[in-house]
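S.K.: One structure, pasted below without further comment.
Nothing in this text is a laboratory measurement; each read-out follows from the coordinates by a stated rule. Owing to the predicted nature of the structure, the values given are computational and were not obtained by experimental measurement. Here the Cβ is made from the backbone with ideal geometry for all residues, glycine too, and neighbour counts use every protein chain on show.
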Amino acid sequence: MTTEAPVASGRIVLLTASHRVAPGLLSWPAWQTLHAADRVLCADEGHPQLPYLRDAGVEVEIAAPTAQELVDFCAGGTSRAEGSGGGRTVVVVQSGEGDRTLTDGLARLAGSGRVQMPDLELLPGSYDLPGARLIDLVQVMDRIRLECPWSSQQTHKGLAKYGIEEAYELVEAIEDGDRDELREELGDVLLQVVFHARIAEEDQDEPFSVDDVAGTIVEKLIHRHPHVFGDESAETPQDVKEHWLRTKAVEKQRDSVTDGVPLSQPGLALAAKLAGRVRTAGLSVARPVGEGIGYELLALAIQAEALGTDPEAALRAAARAYRDAIRAAEGHVG
C-alpha cells in the first residue's frame, strides 16, 4: 500500500521593506514574487511602496484578511504561476511595524495540527545598510526641534556647554573601560552633532544640513588618506601623521603653526598641543622661563609631549588614583 504525498496548500509570503531605504527599491526575489503571486494584499492604503508597485504593474488590494482567510484562499485553487503545483500564492505587504494579529493567527493555526498549512515565508524586500539608524536619529531630531518647547528654542551658543560636557563624559567612559557606558556616551556626542546641524538648517544666510556636515568630513577623509584612496603609500603611523599635517597646512594656508590650536582647551592639553606643533615643524623655540607653578607645569607638559605621553591623560589617571585614595580614607574613617 502506497501513501500519496499531501498536496501542497499554496504559499503565504509576508513581504517586508526597510523604511530607511527609498520606496520602490526592492530586491529581485521580491519583484519576482510580487509579479508571480495570485494575490497581493496590503492593509495600509497609505503604504509608501504602493505607488511603485502599481507603476510596476502589480495589482494590490487594500485588505486586512484574517489568518484563516489567507489559508483558505491558498488552498482554494491552483496557482496561475506557470509550472506551479497545487495551491495559490498570496503576498502580504507588511507595514514597518508588521501585523502582529496576522502573524499570531498564522502561528496558532500552524501549531494546532488540525490545519494543512500553506508554506509560510518571510521575504525581506530591502535591508538596512550600515549606518541606516542614523536616518532615524535625523528624523527624531527633526520632530523634537519642531515640537519640543525646550529643544525648539536652543541655539549653537546655548548648546556649547553640553558639547564640552558630553566630550568629557565620553573620555571618562573610555578610561573606565565600560562598554555600555561608552556606547551611550558616543550616542550623546552624536546627538550634539545632529542637534547643531538641525539648528544650522534654519540659518537665513548660510544654512547647512547634517548631510553637508557628513559630506564635508567624507571629502576631508578621502583627501587626507591618499594612501587609502589614492596612489601614495604610507608604511607607518608616523608617515600617515606627517602627510595629514602637510595636507592640513596646504588646506588651511596658516601663517603660524599655532593657528587652529583652540586656546579654550585645558591648560596641560594646550601646552602639549603647542609643543607638538613646534616639534613637528622642526622649530627651535626657547621655553619661556618664569616663576610660579604655571611655568613648572608648562615645562612638565612639554617634557611629556616629547616622551609621547599625553599630560592631560596622565594627570587624570593620577587624579583618579587620588580620588580612590580619598574614598578609601573616608571608608576607613567611617
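S.K.: Which order results if I217, I144, I293 are arranged by neighbouring Cβ count within 10 Å, fewest first?
M.R.: Arranged by neighbour count, lowest to highest, I217, I144, I293 become I293, I217, I144.
S.K.: Which whole-Hz couplings ³J(HN,Hα) result when phi for each residue of segment 232-243 is put into the Karplus expression 6.51 cos²θ - 1.76 cosθ + 1.60, θ = phi - 60°, listed in order with x for Gly and Pro?
M.R.: Here the 3J(HN,Hα) series is 6, 10, 9, 8, 10, x, 5, 4, 5, 4, 5, 5 Hz.
S.K.: Kindly identify segment 293-334 as rounded, prolate or oblate by the Cα gyration tensor criterion: order the square roots of the eigenvalues as a ≥ b ≥ c, call it rounded if a/c is under 1.5, otherwise compare a/b with b/c, prolate if a/b is larger, else oblate.
M.R.: Since a/c reaches 1.5 and a/b is larger than b/c, the shape of segment 293-334 is classed as prolate.
S.K.: Still on this structure, please answer the following. Using the count of nearby Cβ atoms within 10 Å as a rough guide to exposure, how do R316, R11 rank from fewest to most?
M.R.: Placing the least packed residue first, the sequence is R316, R11.
S.K.: Same structure, new question: Given a Förster distance of 25 Å, report the FRET efficiency between A22 and D142 from their Cβ-Cβ distance, rounded to the nearest 0.05.
M.R.: Approximately 0.90, to the nearest 0.05.
S.K.: Work out how much length E202 to E45 would gain on full extension: take 0.36 nm times their residue separation and subtract the Cα-Cα distance, in nm to one decimal.
M.R.: Difference between extended and current length: 53.1 nm.
S.K.: Using 7 Å Cα-to-Cβ label points, what is the L120/Q68 separation (nm, one decimal)?
M.R.: 1.7 nm
S.K.: I've got another one for you. About the Cα centre of segment 11-124, what is the dipole size in debye to 20, counting +1 per Lys and Arg Cβ and -1 per Asp and Glu Cβ, all else neutral?
M.R.: About 220 debye.
S.K.: State the answer as a single residue: which of I326, V289, S264 lies farthest towards the positive end of the charge dipole of the chain, with beta carbon charges of +1 for Lys and Arg and -1 for Asp and Glu, about the Cα centre.
M.R.: Result: V289.
S.K.: Which ordering of V13, V289, V261 is given by a fewest-first count of other beta-carbon atoms within 10 Å?
M.R.: Sorted ascending by nearby Cβ count, the order is V289, V261, V13.
S.K.: Give me Rg over Rh for segment 11-124, both radii from the alpha carbons and Rh done the Kirkwood way, two decimal places.
M.R.: 0.95
S.K.: Over all alpha-carbon pairs in segment 197-334, figure out the percentage whose distance exceeds 28 Å.
M.R.: 44 percent
S.K.: Something else now. Let a ≥ b ≥ c be the square roots of the eigenvalues of the Cα gyration tensor of segment 217-298; is it rounded (a/c under 1.5), or, if not, prolate (a/b larger than b/c) or oblate?
M.R.: prolate
S.K.: Rounded, prolate or oblate for segment 81-171? Axes are the square roots of the Cα gyration tensor eigenvalues, ordered a ≥ b ≥ c, and the cut-off for rounded is a/c under 1.5.
M.R.: Verdict is prolate for segment 81-171.
S.K.: Still on this structure: Evaluate the charge dipole of segment 105-145 about its Cα centre and quote only its size in Debye, nearest 20, assuming +1 on the Cβ of each Lys and Arg and -1 on the Cβ of each Asp and Glu.
M.R.: Here the size comes out at about 220 debye.
S.K.: Roughly how big is the chain's charge dipole about its Cα centre, with Cβ charges of +1 (Lys, Arg) and -1 (Asp, Glu), in debye to the nearest 20?
M.R.: So the dipole magnitude of the chain works out to roughly 380 debye.
S.K.: Moving on. Treat each spin label as a single point 7 Å out from the Cα along the C-beta direction, and report the R323 to T101 distance in nm.
M.R.: 5.3 nm
S.K.: Same structure, new question: So what does the Cα-only Debye profile of segment 131-251 read at q = 0.22 Å⁻¹, as log10 I(q)/I(0), no solvent term?
M.R.: -1.20
S.K.: In Å and from the alpha-carbon atoms only, list the Rg and Dmax of segment 265-326.
M.R.: 12.9, 43
S.K.: Any idea how far apart I174 and Y127 come out in nm if each label point goes 7 Å out from Cα toward Cβ?
M.R.: Reported label-point gap for I174 and Y127 is 3.2 nm.
S.K.: Continuing with the same structure: When only C-alpha pairs under 8 Å and at least 6 residues apart count, what is the relative contact order of the chain, in percent?
M.R.: Relative contact order comes out at 14 percent.
S.K.: So, in Å, what gap is there between the alpha-carbon centers of segment 269-334 and segment 210-256?
M.R.: 29 Å
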